[in-house]
Amino acid sequence: MLRIAIIIGSTRPGRKGAGVAKWVYDIAQKRSDAEFELVDIKDYDLPLLDEPVSPTMGQEYTHQHTKIWSAKIASFDAYVFVTPEYNHGTSGALKNAIDFLYHEWVNKAAGFVGYGGAAGTRAVENLRLVMGELQVATVRAQVGLSLFTDYENFSDFTPAGHQEGSVNAMLDQVIAWGGALRAMREKT
Ligand SMILES: Cc1cc2nc3c(=O)[nH]c(=O)nc-3n(C[C@H](O)[C@H](O)[C@H](O)COP(=O)(O)O)c2cc1C
């Protein structure tokens with residue numbers, strides 16, 4: 001069974017990201033074509049990148065926190081990044097967590113759920129560029145949640161009715177591409 005991580009991309013106290021990711025996870029749990037796991041970068045206590053050698057070199061990591069994070073990310077076939085938009089990009093915490101690793105991401109698939117004042121669109125575009133360097137295949141279908149139309153008073157999460165369909169459309173593509181890439185990895 002394909003294993004897909006739903007990665008919570010924000011860490012600040014009071015973050016909306018945990019609620020959004022749980023909602024995505026609950027929708028995903030209704031499916032039987034993949035296994036899903038919530039991955040909270042906050043749980044991994046990653047400092048600002050402190051490995052002396054770039055992960056592209058494939059050397060053994062020096063820190064236990066990197067080894068634990070590496071094993072977790074390597075165990076998945078595909079990822080759904082749940083990203084806030086901070087100053088027209090993704091969060092520093094998520095970018096830092098991504099930068100810790102390299103080969104763990106390569107030849108996997110990814111989809112995105114963005115949220116924010118402008119539905120996280122620019123944060124997702126930012127992440128797509130990063131994924132290109134990591135050789136991650138990003139799917140077209142994406143979810144954008146707006147603080148104006150998917151929250152009440154900018155605080156209570158009340159996703160519009162069509163958003164569940166958007167999540168499933170994105171997951172359909174992540175599962176299709178994730179499966180194709182897993183087959184390719186198994187061959188090589
Ligand atoms: C530092 C910071 C920068 C932000 N920049 C933007 C932005 O550029 N565009 C936008 O639409 N929303 C922006 N927002 C609003 C966030 O997307 C929104 O508060 C969201 O809930 C943040 O995710 P979090 O609650 O999981 O931390 C910003 C919020 C913060 C805290």
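Quick notes
- Test: residue in segment 37-54 that is open to solvent by less than 50 Å² (accessible area, probe 1.4 Å), in contact with a strand residue (DSSP E or B) (Cβ under 7 Å, 6 or more places away or on another chain), within 16 Å of the ligand (Cβ to nearest atom) and not hydrophobic (A, V, I, L, M, F, W, C): yes
- All positions within segment 124-149 that are under 18 Å from ALA21 (Cα atoms), surrounded by fewer than 21 Cβ atoms within 10 Å (Cβ to Cβ) and not hydrophobic (A, V, I, L, M, F, W, C): GLY144, SER146, THR149
- Filtered by the rule that a residue be buried (at least 23 other Cβ atoms within 10 Å of the Cβ) and within 22 Å of LEU2 (Cβ to Cβ), segment 87-123 gives ILE98, LYS108, ALA109, ALA110, GLY111, PHE112, VAL113.
- Helices (runs of 4 or more DSSP H) contained entirely in segment 62-150, each with at least 1 residues that are within 16 Å of the ligand (Cβ to nearest atom) and without any contact (Cβ under 8 Å) to a residue 12 or more places away in the chain: 92-99, 121-133
- Close contacts from segment 159-188, counting a first residue that is in contact (Cβ under 8 Å) with a residue 40 or more places away in the chain and a second that is among the acidic types (Asp, Glu) and surrounded by 15 or more Cβ atoms within 10 Å (Cβ to Cβ), with Cβ to Cβ under 6 Å and a gap of 6+ residues or different chains, come to PRO159/ASP150; GLY178/ASP77; ARG182/ASP77.
The values are calculated or read from the model by the stated rules, or taken from the named source; none is laboratory data. Being a predicted model, the structure only gives us computed values, none of them experimental. All Cβ positions, even for glycine, are placed from backbone atoms using ideal geometry, and neighbour counts span all protein chains on display. SASA here: full protein model, heavy atoms, side chains in, ligands and nucleic acids out. Shrake-Rupley method; radii C 1.70, N 1.55, O 1.52, S 1.80 Å.
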